[in-house]
Every structure is written in C-alpha cells, then in structure tokens.
1. Can you tell me which residue in the stretch 1-27 is surrounded by the fewest Cβ atoms within 10 Å (Cβ to Cβ), limited to those that are farther than 23 Å from Y91 by Cβ and not aliphatic (A, V, I, L, M)?
2. Go through (1) in a helix (DSSP H, G or I); (2) free of Cβ contacts under 8 Å to residues at least 40 places away in the same chain one by one and return the number of the condition A39 breaks.
3. Select from the stretch 1-40 the residues that are of a type in the set (G, A, S) and under 15 Å from G73 (Cβ atoms) and write down the one among them that is farthest from the chain's Cα centre (by Cα).
4. Among the residues of the stretch 30-50, write down those that are over 21 Å from L190 (Cβ atoms) and surrounded by fewer than 12 Cβ atoms within 10 Å (Cβ to Cβ).
5. Just need a number here: residues in the stretch 99-125 that are buried (at least 20 other Cβ atoms within 10 Å of the Cβ) and hydrophobic (A, V, I, L, M, F, W, C).
6. What is the residue count in the stretch 76-98 for residues that are out of contact with any helix residue (DSSP H, G or I) (no Cβ under 7 Å at 6 or more places or on another chain) and either small (G, A, S) or assigned to a helix (DSSP H, G or I) (or both)?
7. Given (1) assigned to a helix (DSSP H, G or I); (2) over 30 Å from E63 (Cβ atoms); (3) at pLDDT 95 or above; (4) of a type outside the set (K, R), identify the lone condition not met by A193.
8. Determine the pairs where a residue that is in contact (Cβ under 8 Å) with a residue 24 or more places away in the chain, located within the stretch 110-129, has a partner that is among the acidic types (D, E) and surrounded by 19 or more Cβ atoms within 10 Å (Cβ to Cβ) with Cβ atoms under 6 Å apart, the partner being 6 or more residues away or on another chain.
Amino acid sequence: MRLLLMGATGMVGSEVLRQALNDKEISEIVALGRRAVEARHPKLKTVIHQDFMNYTPLRNELERIDACIWCLGVSQLQVSKEEYEIITYEYTLAAAKAMIVANPAIYFVFVSGDGADQTGKTKTLFGRVKGKAEKDLMELPFKNLVIARPAGIKPFRGNPRAPFLYKIFYFSYPIWKILTPTKVITSVDLAKALLYLAKIKTDQVIFNNRELKEMSKKNPDPEA
C-alpha cells in the first residue's frame with residue numbers, strides 16, 4: 001500500500017509515521033508538508049508543498065496513492081478563529097477534492113475529534129469547524145472514507161511539538177484513564193487504529209474514541 005501522510009511532523013502524525021515505516025503492508029510513505037520530516041527511510045518520500053489550497057502540481061503524485069491519513073491540524077488556542085477555520089476546514093476540503101479527481105478509489109482517513117458537531121449548533125469553535133469538515137467530506141463522492149474521533153490524546157513520550165495543554169494532559173493521563181477510560185487514548189494506540197482503518201474496507205464512516213481503542217488492538221505496533 002502507498003500511503004500519503006499529512007501532518008507527519010505533528011503529535012499524531014509523527015507516531016503514524018513511526019509505525020508506518022515498520023509496517024510490512026505499506027510499501028511507500030509520502031510525507032507531504034511545508035518542511036521535511038526528520039526521519040530517513042528507504043520507503044519514505046518527503047514532498048515539500050507550500051500551498052495547501054492548490055494540489056494541481058501534485059496530480060501525478062496523488063494518482064499513485066492508495067490511502068491518505070489526514071493528521072494535519074492545529075489547536076484552536078494557537079491561532080485566530082479565521083486561521084483555525086482555514087487550516088481545519090479549507091485545507092482539508094481542498095485536498096480531499098483534489099484527491100478524488102486524481103484517484104476516485106483513494107481511501108481517506110480524517111482525524112477529527114470527540115465533540116465534532118455536524119449540525120453546527122455547538123458553542124465550541126472546534127466542534128463547529130470539525131463538524132463542518134466531517135459533513136462536507138461525507139458529501140463528497142468518496143468510495144472509502146473514515147472519520148476518526150479521538151478524545152483526550154496522550155502524546156507519545158511527551159512529544160515536544162504537542163500544544164501546551166497536551167503536555168499537561170501527558171502528566172495527568174493516569175488520572176483521566178481511571179476517571180474516564182473511554183475518553184482517553186494514547187497517540188500510539190490512535191496511530192495503530194488509523195493505520196488499521198486505512199487498510200481495511202468498512203461501511204462504517206465515523207469511529208469514536210472507544211471504537212478506536214478497539215481498532216488499535218487489531219493492528220499491533222510493528223516495533224513492539
């Protein structure tokens with residue numbers, strides 16, 4: 001399988017990349033972003049791309065891809081409302097539309113989040129924008145679309161690129177795991193689930209945090 005990974009330098013994407021590099025079922029990984037990833041591997045290809053609203057120059061690259069895991073994102077606390085909507089919604093839809101044109105059979109795995117609201121009635125910016133992205137992705141003619149809704153994510157080894165609140169969550173994770181076990185997941189388990197979902201064919205579109213944890217058990221860490 002040839003995998004396109006968006007957000008490979010982020011908290012979730014970097015863990016997806018680590019596992020994908022050691023996954024025998026994945027023959028090539030294209031890490032697309034504005035800067036190169038630090039990893040080096042024979043089956044890893046880094047593609048530097050600056051304009052996330054225009055994928056015309058990448059048409060030939062997209063035609064070769066079997067699946068895309070979309071981990072690109074930012075905390076709503078790190079940018080303005082306008083920037084958050086552009087990064088979370090506009091970038092996602094622009095890429096999704098380009099991928100469908102290039103390869104209608106592509107498998108698209110979108111990392112959304114617990115609390116995403118497709119009705120747009122929630123008061124949180126995160127819920128409204130993620131929900132809008134989900135809704136419009138589901139209206140596109142994807143043959144294979146999966147939407148993952150993780151809840152509280154524990155960064156792998158306290159990833160330094162994680163937002164400040166995630167760093168706090170990293171240390172308080174054991175408490176949350178006891179109090180709300182269905183609402184927490186490690187970045188390692190989330191990556192396992194995303195890779196598993198990128199390989200299988202399923203009629204189910206949306207997977208909640210509890211289901212993602214179950215999916216992770218079906219895809220063991222290749223380095224474990």
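1. The initial filter retains those residues of the stretch 1-27 that are farther than 23 Å from Y91 by Cβ, namely 1, 18-19, 21-27.
If we keep only those that are not aliphatic (A, V, I, L, M) as well, we get 18-19, 22-25, 27.
Values: R18: 19, Q19: 20, N22: 12, D23: 22, K24: 6, E25: 12, S27: 11.
Only one residue tops the list, namely K24.
2. Every listed condition holds for A39 apart from (1).
3. First pass over the stretch 1-40, keeping only residues of a type in the set (G, A, S): 7-8, 10, 13-14, 20, 27, 31, 33, 36, 39.
Still in the list and also under 15 Å from G73 (Cβ atoms): 7-8, 10, 13-14, 33.
Values: G7: 7, A8: 9, G10: 10, G13: 7, S14: 10, G33: 13 Å.
The qualifying residue farthest from the chain's Cα centre (by Cα) is G33.
4. R34, R35, R40, P42, I48, Q50
5. Matching residues across the stretch 99-125 total 7.
6. 10
7. If we test A193 against (1) assigned to a helix (DSSP H, G or I); (2) over 30 Å from E63 (Cβ atoms); (3) at pLDDT 95 or above; (4) of a type outside the set (K, R), just (2) comes out false.
8. S112/E134; A116/E134
The values are calculated or read from the model by the stated rules, or taken from the named source; none is laboratory data. All of these numbers come straight from a predicted model, not from anything done at the bench. Note that we place each Cβ from the backbone using ideal geometry, even for glycine, and neighbour counts take in every protein chain shown.
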